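Below is one structure, written out as structure tokens; comments come after it.
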Amino acid sequence: MSTLVLLLVTGVGLGALYFLVASGLSLIYGLMGVLNFAHGSFLTLGAYAGWEVSRRMSDGSWLSLVLSLVVGAAVGALVAIATELLLIRRLYERHVEQVLVTVGLALATVALFDGIWGTDAVYVSGPAWLDETSGVLGAQIPHDRFLLIGVAVAVLLGIVAFLRFTRFGLVIRAGVENRSMVTALGIDVRMAFTVVFAIGGAAAGIGGVLASQYFGYVSPQLGASLLIFAFIVTVIGGLGSLLGAAIASLAVAVLQQLANFYASGTGDLVVVLLLAAVLLVRPSGLMGARA
Amino acid sequence: MSTSTTPPTSREDDRPATTRGQHGDSHRAATPGGDGASRTRRRLVEPVAGLVLLVVLAVLPLLNLSIPGVLPGATYTPGTLQLLALCLLFASLALTYHVLFGITGLLSFGHALYLAVGAYGLGIVLERTGLGLLPAMVVTLVLGIAVATLLGAVSLRVSGISFAMVTLAFAQAGSVLIRRNPSITGGEESLPLTTDHVPAALVGVIHTRNLYWVALALLVLVLVLVTWFERSRAGHVAAATRENELRVRVLGMRPYPVQLLAFVVGAGLAVVVGMVYLLLNSGVTPRVASADFTLTILVVVVLGGLGSRWGAVVGGIVYTLLDHRLTALASSDTVEQLPALLRVPLSEPLFLLGTLFVLVVLFVPGGLVGLGTRLADGVRGRRGSTADGAA
Amino acid sequence: MSTRPVLVVRGLTARIAGQQVLEDVSLEVPARGVTALLGRNGVGKTSTLKALMGLIERSGTIELDGEPVDRLATHKVVQRGVGYVPEDREVFGSLTVAENLRLAERSGGRGGRHGVSPERRELVGDLFPDIIDRSSQRAGTLSGGQQQMVALARALLNENRLLLVDEPTKGLSPRLVGEVTDALEKAAQVVPVLLVEQNLTVARRLAGDAVVLDGGRVVHAGPAADLLDDESRVVALLGVGGEPGQSQSQHQSQHQSQDQSQDQSQHQSQQHDTAEATS
């Protein structure tokens, strides 16, 4: 029982990470039809930025962690904005080329991180509280899970509130549904593109800092390894659906944890099988619009 | 879109679009103002040029040619032949991907999986069974085609970007399987080639020349088969699906079987390339199953010129040479001594290749082949008629 | 001043996915009333509106109140004062009615905040009380007619120089055809309208002028009455209902009934009858 609780909570924590990556991917895809392969790099860069901050503070305080998160989010957002303005926008409406550009960017940036921070992982430490555990239903749960879950829920609520209560949010929601009609109402939808890239980049940057806390290190491959699961989550959840991404993140991560423990490390394979099964039953994903 | 937007003239306009596949040889990279005459001329030029190139490539191991800065040594040396053979293999691999992406428009992010199936499959069959090389290759090919059919059938349930992600996920699963089962695949280490049943003429550094010829023969084989597929009826339907899937449906054809056929043809040929890859390198590492490797294939095809067979070949050769030279450059003393701002990027070959790729996508739509065609046309246009220069 | 056309189009050519759908269309829209854009199914009426909006690839000159707009992106065209009501309404189904309207509100042209004049709000409220009552309902759950009203309201909220309205009565019940026609008639008192309409009864009631397209070109332009009251020209230009083999005399002899059946090639018969009755 206590093992199961630990696995479930850990799964939800990992799902929170997936969601932080997948939310941006899904929003960007939903609005712009762009699959962003460079999203993992936003995450990695956010993680390194956070590490640089905490390294300089080097006190393992909460302030240092909060600052890392803020800087990680800001760096993620800025890089994402630059990507959109300099690369994606030039290829407006040319979806295949847009994907190719992000592929090239992903290859180049991972190599650049190698060059700057080295191929070996750098180790990250946070507030001591995160390494401690608390008893929940008989299981000893490491506190970092709670941090992951708490921040991801906050990000989810923040994005939902942004989408619901701001004019940009309105434009984005309308644009996901019918982009050309948004322009036909006199709205420059490209502004919204930059905004979703910024939101996605910030979420990925936060995800990077949290991932480095959770795994205890940052490496140039950190983003790419999470990105693949985020892709799977986005497809299972239905491209363009934030809620779908949230649900699929939890389902995928929990299933992965359970399979890893009870079926001798087959978590990754089970996730791929789940993907295949979902596609066979519902090609548009859980919450995706039916084509 | 509503039917009322289609004017009566659409029937006439249909024809060039759906039959474009017949001139599919060089459709995307084709001369913008290419008329019938130049196309016929190209039809004649292509095989002749190809034949000349083939003869040159075939006698290369017998010659003592040096191209400083491009090749590491004279063309008869094993090191250079190994690199050249790798170039040819990459060209073949790019051609197999051309079947999926270039012809059929299937953006797969899992193509490396089939190279890995070929290389690991043959390696494991040779190690575990007493089969000779050829029977082992047949077994591996059958296995590879079965895997491709199964995974293709599932992946093609979705299209576009979802298809890309699903193929990526399957390839990732393959990569995980390889890494997690060291007793069978060697895990993170390499799987060495078991040479007991491999003809001696294909083993060892002294026989690199033979392997080079095998790689050349493979490239010719793949080129012929891909050309044949592209010009077949299935190839035309595949090309039409790429151009306009809806129209293919309207004409009463189902895109799915043709897409699956293209997927299996491309994957099956990649399995064969993988087998030769194993022979050439006397082993295989899990890197060939990684997502990065698939992305590399994509880079090669786009670099050379998307939609063009010769683009794939040129891309494969140029990429391999570039990768090799950039790696040499990265570890050279010249780069070591540069200030960090220059040294860091220059010491990362993938950074340079990735950046080059981004630049090609942004500024050179037709890739290297397209660039070449445009330059040639520019020269011809300036010399001859002015009407063609509009490109 | 009022005699100057609000929209002047010269040599408009357009493509969809590389395929030419309009060829050298030239037309003028007077600065008042409704101008009907007519033609057989598939001659490029919808494409003409989309090309004017910049929603499809186009070339040629388009002048709005004397200013060229043919090189502008869609949202800029709209900001110059063009309201667009697309063929299939294209309301945002997952947004509420209020959100649909809020999205459509443009800043008042001279750098003002988002918002519309009280007069416009009143106009929309008067015209479409139904949808104002349903502000918090998701637009996707509305009936076709209500969605059409949302689409019209989106265009009417702003001070426009011209409305482009594409088949507003398509697929509507007879009662709603009448309501939409009434609304358009009132709207046309404050803003000129270029209207694509298959229902000739509606076109006849609303349009002061008519432009006829065929094969992606303009084949007729002039006062709507001249065209629509002349059965032989209606059949020749619009081809509605008439079989290729039928002679013109036949049409003329069966004046009234033939006229009705022509309209019904696009609309269901009861629909047409009621629309006729309301006019």
Here the residues within the range C:7-37 that are in contact (Cβ under 8 Å) with a residue 60 or more places away in the chain, touching an Asp or Glu at 6+ places or on another chain (Cβ under 7 Å) and buried (at least 24 other Cβ atoms within 10 Å of the Cβ) are C:T35, C:A36
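Considering the range A:224-247 alone, what residues qualify as being of a type in the set (A, V, I, L, M, F, W, C) and under 15 Å from A:G267 (Cα atoms)? Give the derivation first.
Initially, the range A:224-247 is screened for residues of a type in the set (A, V, I, L, M, F, W, C), giving A:224, A:226-233, A:235-236, A:239, A:242-243, A:245-247.
Within the range A:224-247, A:L226, A:I228, A:F229, A:A230, A:I232, A:V233 meet the criteria.
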Looking only at residues that are touching a Ser or Thr at 6+ places or on another chain (Cβ under 9 Å) and at pLDDT below 85 in the range B:295-308, which one is farthest from B:A238 (Cα to Cα)? B:G305
Give the range C:133-147 a look and list any residue that's part of a helix (DSSP H, G or I) and within 12 Å of C:N100 (Cβ to Cβ), or say none. C:A139, C:G140, C:Q146, C:Q147
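Would you call C:L72 more than 9 Å from chain A (Cβ to nearest Cβ), touching a residue at least 12 places away in the same chain (Cβ under 8 Å) and assigned to a helix (DSSP H, G or I)? Working first, answer last.
Numbers: more than 9 Å from chain A (Cβ to nearest Cβ): yes; touching a residue at least 12 places away in the same chain (Cβ under 8 Å): yes; assigned to a helix (DSSP H, G or I): no.
Against the criterion (more than 9 Å from chain A (Cβ to nearest Cβ), touching a residue at least 12 places away in the same chain (Cβ under 8 Å) and assigned to a helix (DSSP H, G or I)), C:L72 does not qualify.
Could you check how many residues of the range A:11-55 are touching a His at 6+ places or on another chain (Cβ under 7 Å) and not in a loop (DSSP other than H, G, I, E, B)? Before you say what the answer is, go through the steps one by one.
First, the residues of the range A:11-55 that are touching a His at 6+ places or on another chain (Cβ under 7 Å): A:21, A:24-25, A:33-34.
With the extra rule that they be not in a loop (DSSP other than H, G, I, E, B), the set shrinks to A:21, A:24-25.
Here the count works out to 3.
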Odd one out for B:V176, checked against (1) more than 14 Å from chain A (Cβ to nearest Cβ); (2) over 23 Å from the mean Cα position of the chain (by Cα); (3) assigned to a helix (DSSP H, G or I): (1)
Select the helices (runs of 4 or more DSSP H) contained entirely in the range B:268-346, then report the ones holding at least 1 residues which are closer than 27 Å to A:E97 by Cβ and under 17 Å from the mean Cα position of the chain (by Cα). B:291-304, B:309-330
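Which of the residues belonging to the range C:183-221 are out of contact with any strand residue (DSSP E or B) (no Cβ under 7 Å at 6 or more places or on another chain) and not in a helix (DSSP H, G or I)? Reasoning before the result, please.
Within the range C:183-221, the subset out of contact with any strand residue (DSSP E or B) (no Cβ under 7 Å at 6 or more places or on another chain) is C:183, C:185-186, C:189-190, C:198-202, C:204-205, C:215.
Listed by number, the residues that qualify are C:Q198, C:N199, C:G215.
Please find, within the range A:99-126, the residue that is farthest from the other protein chains (Cβ to nearest Cβ) out of those that are hydroxyl-bearing (S, T, Y) and either closer than 28 Å to B:A330 by Cβ or part of a helix (DSSP H, G or I) (or both). Before you say what the answer is, go through the steps one by one.
The initial filter retains those residues of the range A:99-126 that are hydroxyl-bearing (S, T, Y), namely A:102, A:109, A:119, A:123, A:125.
Filter once more, so that each one left must be either closer than 28 Å to B:A330 by Cβ or part of a helix (DSSP H, G or I) (or both): A:102, A:109, A:119, A:123.
Details: A:T102: 9, A:T109: 7, A:T119: 10, A:Y123: 21 Å.
Ranking the candidates gives A:Y123 first.
Listed here are the residues, each with its yes/no results for (1) crowded, with 18+ Cβ neighbours inside 10 Å; (2) of a type in the set (S, T, N, Q).
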| residue | (1), (2) |
| --- | --- |
| B:T149 | no, yes |
| B:T167 | yes, yes |
| B:R179 | no, no |
| B:L216 | yes, no |
| B:L221 | no, no |
It is to be established whether one or more residues within the range B:181-190 are within 14 Å of another protein chain (Cβ to nearest Cβ), in a helix (DSSP H, G or I) and under 24 Å from B:G105 (Cβ atoms). no
Give all pairs with beta carbons closer than 7 Å in which a residue from the range B:176-202 that is without any contact (Cβ under 8 Å) to a residue 24 or more places away in the chain meets a residue that is surrounded by 12 or more Cβ atoms within 10 Å (Cβ to Cβ) and of a type in the set (D, E); count only pairs at least 6 apart in sequence or on separate chains. B:V176/A:D268
State which residue pairs qualify: first residue more than 7 Å from every other protein chain (Cβ to nearest Cβ) and inside the range C:82-100, second residue crowded, with 20+ Cβ neighbours inside 10 Å and in a loop (DSSP other than H, G, I, E, B) in any location, beta carbons under 6 Å apart, and separation of 6 or more residues or different chains. C:G83/C:N160; C:N100/C:V91; C:N100/C:F92
In the list A:G223, A:G244, which residue meets the criterion of being crowded, with 22+ Cβ neighbours inside 10 Å and either within 10 Å of another protein chain (Cβ to nearest Cβ) or in contact with a His (Cβ under 9 Å, 6 or more places away or on another chain) (or both)? A:G223
Determine if the range A:75-98 includes at least one residue that is more than 9 Å from chain B (Cβ to nearest Cβ), assigned to a helix (DSSP H, G or I), among the polar types (S, T, N, Q) and under 16 Å from A:L227 (Cβ atoms). yes
Output the residue which, of all residues in the range C:77-115 that are touching a strand residue (DSSP E or B) at 6+ places or on another chain (Cβ under 9 Å) and among the basic types (K, R), is modelled with the lowest pLDDT. C:R113
Of B:T140, B:T75, B:T149, B:T129, the only residue that is of a type in the set (V, I, T) and in contact with a Pro (Cβ under 7 Å, 6 or more places away or on another chain) is B:T75
Tell me the residue from B:V125, B:V117, B:V142, B:V138 that is touching a helix residue (DSSP H, G or I) at 6+ places or on another chain (Cβ under 7 Å), surrounded by fewer than 24 Cβ atoms within 10 Å (Cβ to Cβ) and not hydroxyl-bearing (S, T, Y), please. B:V125
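Would you mind stating whether B:A330 is aliphatic (A, V, I, L, M), exposed (fewer than 13 other Cβ atoms within 10 Å of the Cβ) and modelled with pLDDT under 80? If you could, list the steps in order and put the result at the bottom.
Working: aliphatic (A, V, I, L, M): yes; exposed (fewer than 13 other Cβ atoms within 10 Å of the Cβ): no; modelled with pLDDT under 80: yes.
Criteria not met by B:A330.
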Working carefully through the options C:L172, C:L127, C:L164, C:L142, find the one that is crowded, with 19+ Cβ neighbours inside 10 Å and at pLDDT 90 or above. C:L164
Among the residues of the range A:152-172, what is the count of those that are surrounded by fewer than 20 Cβ atoms within 10 Å (Cβ to Cβ) and closer than 18 Å to A:G50 by Cβ? 1
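Across the range C:56-68, which residue is nearest to the other protein chains (Cβ to nearest Cβ) among those that are part of a loop (DSSP other than H, G, I, E, B) and surrounded by fewer than 21 Cβ atoms within 10 Å (Cβ to Cβ)?
C:D65
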Given the structure, is B:A153 surrounded by fewer than 18 Cβ atoms within 10 Å (Cβ to Cβ) and either on the phi > 0 side of the Ramachandran plot or touching a His at 6+ places or on another chain (Cβ under 9 Å) (or both)? no
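The values are calculated or read from the model by the stated rules, or taken from the named source; none is laboratory data. This structure is a prediction, so every number in the text was calculated from the model and none was measured. Cβ: placed from backbone, ideal geometry, glycine included. Neighbour counts: every protein chain shown.
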